[in-house]
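Each remark here refers to the structure printed beneath this line.
The values are calculated or read from the model by the stated rules, or taken from the named source; none is laboratory data. Keep in mind that what you see is a predicted model, and the values were worked out from it rather than measured. Note that we place each Cβ from the backbone using ideal geometry, even for glycine, and neighbour counts take in every protein chain shown.
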Amino acid sequence: MSKKKSSAIVALRRRLLRAAIFLGGFGFVAGSTLFALAWFTVDIPDPNAYVNSQATVIQYSNGQEIGRIGAQNRQILPLAKIPLRLRYAVMAAEDKNFYSNRAFSVTGLISAVADNVLTFGKGRGGSTITQQYAKTAFLTPERSIQRKVKELVIALKLENAMTKDQILENYLNTIYFGRGSYGVQTAAQQYFNRNANQLSISQSAVIASILRSPGLYDPALGGDNPARIEARFKYVIQGMLDQKWITEEEAVAAKLPVIAPRTAGGSLSGPKGYIIDAALKELSKLGFSNEQLMVGGYVIKTTIVQKAQTSAVDAVNKLSPKDAPENLHIGLVAIRPGTGEIISMYGGKDYVVRQLNDATQSIALAGSTFKPFALIAALEAGIPLTSMWNGDSPQTFDDLGRPYIVKNYGDEGWGQTDLLNATQHSINTVYVPLGMKAGLDKVVDVARRAGIPESVAMIPTPSVSLGVASPHVIDVANSYATFAANGIYAKPYLIASVAGPNKGILYEGKPETREAFSAEVAADLTYALKSVVNGGTGAAALALGRPAAGKTGTSQSNASAWFSAYTPELAASVALFRDSASESLNGIGGLTSVTGGSFPARIWTAFMKGALRGEPITEFPAPSNIGGLDPIVYTDGGVQTPKKK
């Protein structure tokens, strides 16, 4: 810039300053009149109304937070739970004399006016913490004389109505820190992945530095921000030292700490986003509108058990196939038998990336996880586990006048085998005629009673026993929860309770149960499904170290792989699948064929270990031996003949 141009700018600034001083005297009367008018016409808003309009909180069953929904991500903290070092850092940054000054500083205001004149509106604001709270909580961000006068009036009235501690508490819970966070608690979580009471002196100084202008000081935004935050950090630390709020040693030791990277997803990022979204959907069905929830202040306690959910995410992260295609999806749901409480849900890696919940919304061919429905139908018809069947492969059956060719996995033939062994080794050529003998409409009916909803299409054809239907993971998990509850169906639910802004309970979830089939049938079913774990296709679950019963499921063309199983305490289903049933899992994870006994069973076992850690071990009921212990031979024509001695 030339000296001539620079001199012209300096001269212009001097003229503007003289004009401001001259006009200040002229405007005093007008300003006084405007202030007096505002004093009598502007009412002080409810000091708690803004602060208490915090985000709606979604919680685990133990009351710990899963996430938040609402216009503002805020968590209110009483002043006693905000550490002194953080309070001091904020005052050092924004208002060192907060406890001794008035609602606004006259000298600060005059200096700010002069500074803005000299810098063409780019100077400092000159606002006290009380003014900032008044502006943030009760006024729009517009720049006008009228708004500034209202700000001063509200600040003065607030000071008359509240103590300094109350104003500071509300301010610290109100101010915006960027990254969608309002208040020091959510700011601490966003920038340092910890709560406010865990912040160090250096971390507190960063939080205090950023609040001045998050867009200019958040280093994750790049540009000159890293240099700005470094300078601002030093300013705050020096301010704390000048006020003797920290020692010389603490000031020297204070270094700019590592700040967490910025995440685009916010409170819905990662697997927890699927839980929050599912909770919102259930709340909508219960009559709570999004508009109500967005106002804030609600506390939504879910049935999700924190240690179980942590175990689910860990199991999927650790045991998923490596180098898998992008469109490989994994869904996991765990349900408490007899109550319907959903205690764990894994719907995907990141809700922000993919908003389709692989636990509750995606569908996949069920495969052999449907065989227990045919087994129940057979038991209800008096067909015992000791009944003998032809396990040869392949076999041809009649499907409404058309030939239906059925093969076993690997085309393995088993010859004459009993129903228990056919269950243990998932023999298709036994289960197709079993379903036909029990009644194909009965198989469908059992599936509905157990928990497969009407929305899942099932046609009573010979293939229904082999799982050609495409349910959701939650449907299968809940059906197996019915097995675990000795035949008692419970409607699955996620919302345990809803508390309103005044802490009053607005809703409480309760089990909705009915008997789906008899305890005797359930006992024989469980006995058969225990054999799947004890030496059958689900042997990976033996590592759980407690009684378990379940069924593997591998669909036609290896389009999906399932492991659905239960203990007396918990039922869970895990499924792997891709975007389309025409896409195979073959080759994923280095396996020629991904079966239900591979990745799904391993993930299920690891999940259950964590979910049930510390829980007492209980046993399943003894089998009822429906139909007796004498073997009965079933031939292709459905004619039963005594087995030859």
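For the reader, a short list of remarks on this structure follows.
- Segments classed as helices (runs of 4 or more DSSP H), wholly inside region 224-337, with at least 1 members that are aliphatic (A, V, I, L, M) and more than 30 Å from Y99 (Cα to Cα): 225-242, 272-285, 290-295, 306-319
- Some residue of region 152-175 being in contact with a Gly (Cβ under 6 Å, 6 or more places away or on another chain), assigned to a helix (DSSP H, G or I) and modelled with pLDDT of 80 or more: yes
- Within region 176-188, the residues that satisfy the criterion of being assigned to a loop (DSSP other than H, G, I, E, B) and more than 17 Å from E94 (Cα to Cα) are R179, G180.
- For K349, the test of being in the same structural domain as S497 (by TED's automatic domain parsing), of a type in the set (K, R) and in a loop (DSSP other than H, G, I, E, B) is passed.
- Test: residue in region 477-500 that is part of a strand (DSSP E or B), out of contact with any Lys or Arg (no Cβ under 6 Å at 6 or more places or on another chain) and either within 30 Å of S582 (Cα to Cα) or of a type in the set (S, T, Y) (or both): yes
- When region 383-402 is filtered for residues that are without any contact (Cβ under 8 Å) to a residue 24 or more places away in the chain and β-branched (V, I, T), only T396 remains.
- Residue within region 568-582 that is modelled with pLDDT of 90 or more, surrounded by fewer than 15 Cβ atoms within 10 Å (Cβ to Cβ), of a type outside the set (A, V, I, L, M, F, W, C) and touching a strand residue (DSSP E or B) at 6+ places or on another chain (Cβ under 9 Å) present: yes
- Of all residues making up region 590-638, the number that are within 30 Å of I304 (Cβ to Cβ) and in a loop (DSSP other than H, G, I, E, B): 15
- Some residue of region 609-632 being closer than 18 Å to A359 by Cβ and touching a residue at least 40 places away in the same chain (Cβ under 8 Å): yes
- Under the condition of being surrounded by 18 or more Cβ atoms within 10 Å (Cβ to Cβ) and either not assigned by TED's automatic domain parsing to the domain that holds A548 or not β-branched (V, I, T) (or both), the residues counted in region 421-450 number 18.
- Subset of region 375-391 (residues that are more than 15 Å from Y527 (Cβ to Cβ), of a type in the set (S, T, N, Q) and surrounded by fewer than 19 Cβ atoms within 10 Å (Cβ to Cβ)): none
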